[in-house]
Amino acid sequence: MQIQTKFLGEVEIEEKEIITLTNGLLGLEEYTKYVLLPLEKDSPLAFFQSVEEPQIGFVVAYPFAFKKDYAFDIGEDDKEELQVEKAEDLIAYSIVTLKEPFEASTLNLLAPIVINSVKKCGKQIVLQDNEAFPLRFPIAELKGSVK
Amino acid sequence: MLVLSRKLNESIIIGENIEVKVLSIEGDQVKLGIVAPKNIKVHRREVYESIQEQNKAALNIDANLIQKLTKKR
């Protein structure tokens, strides 16, 4: 199927690639169907694009590429909601707030989007307040990555 | 909304296994202790509100910046 995207124009996707966030994202609960579109080959960045509304498109990052010690536990309720069978099916992405220059951008480590890559469902999970994983983690703190 | 008055060190029980206790009162600040099962999430309201705002802020992307990012390699 063809979808309109925010930055890539019209893109052909397969229906089985669609990721359902039953509760949407916080503050954007009405949009529940998304696809991940790579920004570039081997990039830790991707577009997280709503299938329903072209203007709802984010840049997300694979957080471990930027913060090696990023790790968190998922509660039983979330596991159930994400239909987890194997922990390795889960992938976490952080929403990037892009700024000019890129080094001024921040990653949302407090509320990652956790996706079950097999069941194609996901959820924005709010971690317990924690100084190490803030809402606005400066991307500049990463050492020479994204290259 | 149910309204209950509590004094220092008094608590309320919600359901069978959630307890909220008043630990200290200093000026306009009240410190609450919460005992709840692990699967019950407890967050300050502002945390949710700030995440909502951040999600919306992240939508505001300059197309030129995307071009730069993809051209970089």
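The values are calculated or read from the model by the stated rules, or taken from the named source; none is laboratory data. Predicted model, so just to flag it, every value in this text is computed and none were measured. Glycine also receives a Cβ, built like all others from the backbone with ideal geometry; neighbour counts cover every protein chain displayed. Ligands, DNA and RNA are excluded from the accessible area calculation, which covers all protein heavy atoms including side chains. Shrake-Rupley method; radii C 1.70, N 1.55, O 1.52, S 1.80 Å.
Table for the structure above
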| read-out | value |
| --- | --- |
| Column: log10 I(q)/I(0), Debye, Cα scatterers of the protein assembly as shown, q = 0.07, 0.14, 0.17 Å⁻¹ | -0.27, -0.91, -1.23 |
| Per-selection Rg to Rh, the range B:10-71 - Cα, Kirkwood hydrodynamic radius | 1.31 |
| Paired Rg and Dmax values of the range A:32-147, which use every Cα atom, in angstrom | 14.1, 41 |
| Burial ranking of peptide ranges A:23-32, A:56-65 (average Cβ count within 10 Å, highest at the top) | A:56-65, A:23-32 |
| Accessible area per residue, Å², the range B:10-71 with all protein chains present, probe 1.4 Å | 73 Å² |
| J(HN,Hα) series, the range B:8-19, from Karplus relation 6.51 cos²θ - 1.76 cosθ + 1.60, nearest Hz, glycine and proline x | 3, 6, 8, 9, 10, 10, 10, x, 9, 9, 10, 10 |
| Residue-wise HN-Hα coupling along the range A:47-53, computed from phi with Karplus coefficients 6.51, -1.76, 1.60 (Hz; x: Gly, Pro) | 8, 10, 10, 5, 7, 8, 9 |
| Accessible area of chain B belonging to carbon and sulfur atoms, whole % at 1.4 Å probe | 51 percent |
| Ellipticity estimate at 222 nm from DSSP helix runs (n ≥ 4, -39,500 (n - 2.57)) divided over chain B, nearest 500 | -9500 deg cm²/dmol |
| Cβ-derived FRET efficiency at R0 35 Å, residue A:33 paired with residue B:17, nearest 0.05 | 0.45 |
| Separation in nanometres of the label points that stand 7 Å from Cα toward Cβ, at residue B:56 and residue B:70 | 2.8 nm |
| Heavy-atom accessible surface that B and A bury in contact, both chains counted, 1.4 Å, Å² to 100 | 3000 Å² |
| Counted charge near residue A:22, where neighbours are those whose Cβ lies closer than 15 Å (Asp, Glu -1; Lys, Arg +1) | -2 |
